[in-house]
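*Asks:* Below are the structure tokens for one structure; questions will follow.
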Amino acid sequence: MIAEGYQVWGLVRGQANPRRRWVSRRLSEIRFVDGDLMDQGSLVSAIDTIQPDEVYNLGAISFVPMSWQQAELVTEVNGMGVLRMLEAIRMVSGLSGSTPVPSGQTRFYQASSSEMFGKVAESPQSESTVFHPRSPYGAAKAYGHYITRNYRESYGLYGISGILFNHESPRRGTEFVTRKISLAVARIKLGHQDKLYLGNLDAVRDWGFAGDYVRAMHLMLQEDEPVDYVIGTGRTHSIRDAARIAFEHVGLDWEQHVAIDPALVRPAEVETLCADAGNARRALGWAPSVEFPDLMRMMVDSDLRSVSRESRYESPELVAGW
């Protein structure tokens with residue numbers, strides 16, 4: 001967004017948040033405003049202070065397995081947090097549903113998820129595919145999706161949802177399976193680890209590069225009329241495929257290093273997700289630029305550099321403690 005000439009603000013929850021320092025060091029152009037998706041007043045204050053042209057609501061507890069352990073918290077943040085942000089925009093913009101929509105109103109993007117499809121009714125999944133979420137995370141995201149549509153229809157608010165399929169990059173959290181694999185491959189290759197423990201190797205996902213998907217988000221908000229879009233590559237790979245590609249990239253046999261941990265299998269599994277992004281391709285001119293094998297290799301290469309740097313600064317006592 002900075003490259004597009006935007007003045008970018010980041011909503012930050014909590015005092016002395018370490019993410020603020022991390023981002024500031026890398027992107028000094030970003031400004032920050034305090035706010036919390038669980039606190040309506042703070043969001044009203046943030047929107048009133050900034051008067052943004054566009055709001056991208058990417059804030060969420062995004063690790064699906066955690067949603068079974070803390071279902072209420074995930075619902076509050078991922079579901080009710082969307083409602084609170086929409087309410088803040090509505091209140092500051094003066095939208096009532098009975099008065100004309102003001103020109104230049106704030107445009108809102110909601111990060112919906114392919115997890116809403118869950119136990120899929122058809123494959124591939126498009127904007128018209130019915131939702132059947134299989135986790136508290138998916139159910140909360142479905143609420144956020146529908147409440148965004150409701151505010152669009154009730155108040156004329158320019159609100160859209162991008163139903164994004166899995167999007168990865170070297171910045172992905174290490175708890176997510178693609179980054180868990182790439183980091184483990186780097187550590188095994190460099191002699192810091194022996195085994196990688198995974199759950200259901202047969203789960204199939206439509207994985208793409210996060211940078212491509214951010215480009216899609218921006219394109220959606222530039223349309224004259226608010227429309228929801230599915231974003232994905234239309235190609236699927238299993239977790240087994242991801243492990244094989246990553247290990248092969250460093251010359252290792254994945255079967256010698258991967259072990260199954262039944263504790264990592266979800267209570268209700270989503271077996272196959274595959275996007276039909278035809279509408280986005282036709283209306284937005286959007287298409288992915290990175291193939292999944294190249295994405296996994298990109299992530300492995302990044303983790304190899306990171307682990308190598310860390311190894312150079314380890315003390316002998318720390319290495320011995322491992």
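*Asks:* Measuring from centroid to centroid over Cα atoms, what is the spacing of the stretch 30-61 and the stretch 10-26 in Å?
*Replies:* 14 Å
*Asks:* Here is a follow-up. For the stretch 25-32, what does the Karplus curve 6.51 cos²θ - 1.76 cosθ + 1.60, with θ = phi - 60°, yield as ³J(HN,Hα) per residue in whole Hz, taken in order and with x for Gly and Pro?
*Replies:* 5, 9, 9, 5, 6, 6, 9, 10
*Asks:* Quick one: which of 156-164, 63-71, 201-209 comes out on top by average Cβ neighbours within 10 Å, and what's the full order, highest first?
*Replies:* Ranking, from highest mean packing down: 156-164, 201-209, 63-71.
*Asks:* Taking 0.36 nm per intervening residue step and subtracting the Cα-Cα distance, what contour gain separates residue 265 from residue 24 on full extension?
*Replies:* 83.0 nm
*Asks:* Let me ask another. If you build the convex hull over the alpha carbons only and average its shadow over all orientations, what do you get for the stretch 1-114? Give it in nm² to one decimal.
*Replies:* Directional mean of the projected Cα hull area for the stretch 1-114 stands at 8.9 nm².
*Asks:* Search the structure for amide H atoms under 5 Å from the amide H of residue 107, placed 1.01 Å from N in the peptide plane, and list their residues when 5 or more places away or on another chain.
*Replies:* Those qualifying (amide H under 5 Å, at least 5 residues apart or on another chain) are 54, 55.
*Asks:* Kindly provide the helix-only [θ] at 222 nm of the chain, computed as the sum of -39,500 (n - 2.57) over DSSP H runs of four or more divided by all residues, to the nearest 500 deg cm²/dmol?
*Replies:* That calculation yields -12500 deg cm²/dmol at 222 nm.
*Asks:* Here's a follow-up. Which residue, 182, 123, 79, has the largest displacement toward the positive end of the dipole of the chain when charges sit on each Cβ (Lys, Arg +1; Asp, Glu -1)?
*Replies:* Farthest along the dipole direction, towards plus: 182.
*Asks:* Hey, can you grab everything whose amide H is under 5 Å from the amide H of residue 275? Only 5+ residues off in sequence or another chain; H modelled, so Pro and N-termini drop out.
*Replies:* For residue 275, whose amide H was placed from the backbone, the distant partners under 5 Å are 125, 233, 234, 235.
*Asks:* Mind checking which of 215, 309, 179 has the largest fluctuation in a GNM of the chain, springs on alpha carbons under 10 Å?
*Replies:* 309
*Asks:* Evaluate the charge dipole of the stretch 51-176 about its Cα centre and quote only its size in Debye, nearest 20, assuming +1 on the Cβ of each Lys and Arg and -1 on the Cβ of each Asp and Glu.
*Replies:* So the magnitude is around 40 debye.
*Asks:* Rank 159, 173, 89 by how far each Cα sits towards the positive end of the charge dipole of the chain (+1 on Lys, Arg Cβ; -1 on Asp, Glu Cβ) and give me just the farthest.
*Replies:* 173
*Asks:* To the nearest 20 debye, what charge dipole does the chain have about its Cα centre, counting +1 at the Cβ of each Lys and Arg and -1 at the Cβ of each Asp and Glu? Don't skip to the answer; put the middle values down first.
*Replies:* On the way: 34 positive and 40 negative charges, 121 e Å.
With Lys and Arg at +1 and Asp and Glu at -1, about 580 debye.
*Asks:* Once you charge only the Cβ atoms, +1 for Lys and Arg and -1 for Asp and Glu, what is the size of the charge dipole of the stretch 12-116 about its Cα centre, to the nearest 20 debye?
*Replies:* Numbers: 10 positive and 11 negative charges, 90 e Å.
With only Lys, Arg, Asp and Glu charged at Cβ, the dipole is about 440 debye.
*Asks:* Using Cα positions and a limit of under 16 Å, work out the aspartates and glutamates in reach of residue 189, with same-chain residues fewer than 8 apart set aside.
*Replies:* Partners within reach: 248, 253, 255, 301, 303, 310.
*Asks:* Something else now. Which entry is the computed semi-axes √(5λ) of the Cα gyration tensor in Å for this structure: (i) 42, 19, 17; (ii) 36, 24, 19; (iii) 31, 28, 22?
*Replies:* Here semi-axes √(5λ) of the Cα gyration tensor in Å agrees with entry (ii).
*Asks:* Multiply the residue separation of residue 227 and residue 72 by 0.36 nm, subtract the distance between their alpha-carbon atoms, and state the gained length in nm to one decimal. All intermediate terms of the calculation are to be shown ahead of the outcome.
*Replies:* Values: separation 155, 0.36 × 155 = 55.80 nm, distance 2.98 nm.
Taking residue 227 through residue 72 to full extension adds about 52.8 nm, to one decimal.
*Asks:* Just from the alpha-carbon atoms, what are the Rg and Dmax of the stretch 165-275 in angstroms?
*Replies:* 16.2, 54
*Asks:* Another question, then. Which one of 221, 264, 308 is farthest out on the positive end of the charge dipole of the stretch 204-322, using unit charges on Cβ (Lys, Arg +1; Asp, Glu -1) and the Cα centre as origin?
*Replies:* Result: 308.
*Asks:* Going by how many other beta carbons lie within 10 Å of each one, how would you line up 213, 143, 137, fewest first?
*Replies:* Fewest-to-most ranking of 213, 143, 137: 143, 213, 137.
*Asks:* When the chain is modelled as a GNM with alpha-carbon springs shorter than 10 Å, which of 290, 33, 23 fluctuates the most?
*Replies:* Highest fluctuation among the options: 23.
*Asks:* Pick from 254, 22, 286 the residue whose mean-square fluctuation is largest in a GNM of the chain, springs joining Cα atoms under 10 Å.
*Replies:* For the chain, modelled as a Gaussian network with Cα springs under 10 Å, the answer is 22.
*Asks:* Let me ask something else about it. Over the chain, what relative contact order in percent results from Cα pairs under 8 Å that are six or more residues apart?
*Replies:* It rounds to 17 percent for the chain.
*Asks:* Using modelled backbone amide H atoms (1.01 Å from N, in-plane), which distant-in-sequence or interchain residues come within less than 5 Å of residue 135's amide H?
*Replies:* Those qualifying (amide H under 5 Å, at least 5 residues apart or on another chain) number zero.
*Asks:* Mind checking the stretch 28-122 for trypsin sites (Lys or Arg not before Pro) that DSSP puts in a loop (not H, G, I, E or B) and that have at most 16 other Cβ atoms within 10 Å?
*Replies:* 119
No lab work stands behind these numbers, since they all come straight from the coordinates. All of these numbers come straight from a predicted model, not from anything done at the bench. Every residue, glycine as well, gets a Cβ built from its backbone with ideal geometry; the counts of neighbours run over all protein chains shown.
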